[in-house]
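Below is one structure, written out as structure tokens; comments come after it.
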Amino acid sequence: AARLRSVVWPWLEPLAGTAEDEYEHLGSVWRHMARDWTAGGAAQTGHLRAEVLRLLRGEGLASGAGVPPGGEVLVLGCGQARLAWTIASGLPGARVTGLEASEAQLSAANFFLQCAEEERLAFHPFLDEPRSNLHAAARTAALAAPDIAPAALPRVSLELRRGDFLQLSPSGEEALRGSGRRRGSSSVPP
């Protein structure tokens, strides 16, 4: 099974450990995928990403309040980087850095950011989640991701780093100077 996992889903390698650890983390990774990288998730959360982007552009705020051209944006707890990617693609010229403590979430983010075709991965994110999916049909529903193909779109300035935002200095410099491990390119697809 470990060999199959590393061939089919190499981005799952950070989950190596006890079976209990893998199971717990894998469910979280799948549910984040469902929220961030599927058409249904985008329909539910896309308006929030659009609002964040609107505010970063300075729309509806005092003059000059937005991110200036060439400015920097740090997305704390970026998860699978959908918000970071949305910001980077919506603010051309801005340098966006996503900071995330979970190696598994960053691995999934890198996988999706490199996808050149939509709905490349089929998965069942709710198999282990009976609390809000009481019926077997809801728990076994298959979803497909990503809902967009970032690698097929123009490249943007987005870097993903591993680090814990709770350990940042007041200016955020510590995590960006190397306490986090670089997980992306300064030029990833939008």
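SER157 meets the conditions (1) open to solvent by less than 60 Å² (accessible area, probe 1.4 Å); (2) modelled with pLDDT under 90; (3) not aliphatic (A, V, I, L, M) in every case but one. The failed one is (2). Checking each residue in the range 81-104 for being within 16 Å of GLY163 (Cβ to Cβ) and either in contact with a Lys or Arg (Cβ under 9 Å, 6 or more places away or on another chain) or not in a strand (DSSP E or B) (or both) picks out ALA81, ALA84, THR97, GLY98, LEU99, GLU100, ALA101, SER102, GLU103, ALA104.
Would you call GLY98 closer than 20 Å to ALA151 by Cβ, in contact (Cβ under 8 Å) with a residue 60 or more places away in the chain and buried (at least 21 other Cβ atoms within 10 Å of the Cβ)? Yes, satisfied. Considering the range 133-146, and only residues there that are assigned to a loop (DSSP other than H, G, I, E, B) and more than 19 Å from ALA42 (Cβ to Cβ), the residue that is modelled with the highest pLDDT turns out to be THR140.
The values are calculated or read from the model by the stated rules, or taken from the named source; none is laboratory data. This is a predicted model, so every value here is computed, not measured. Because the Cβ atoms are built from the backbone with ideal geometry, glycine has one as well, and the counts that use them run over all protein chains shown. Ligands, DNA and RNA are stripped out before the accessible areas are found, and what is left, the full protein with its side chains, is counted by its heavy atoms. Shrake-Rupley method; radii C 1.70, N 1.55, O 1.52, S 1.80 Å.
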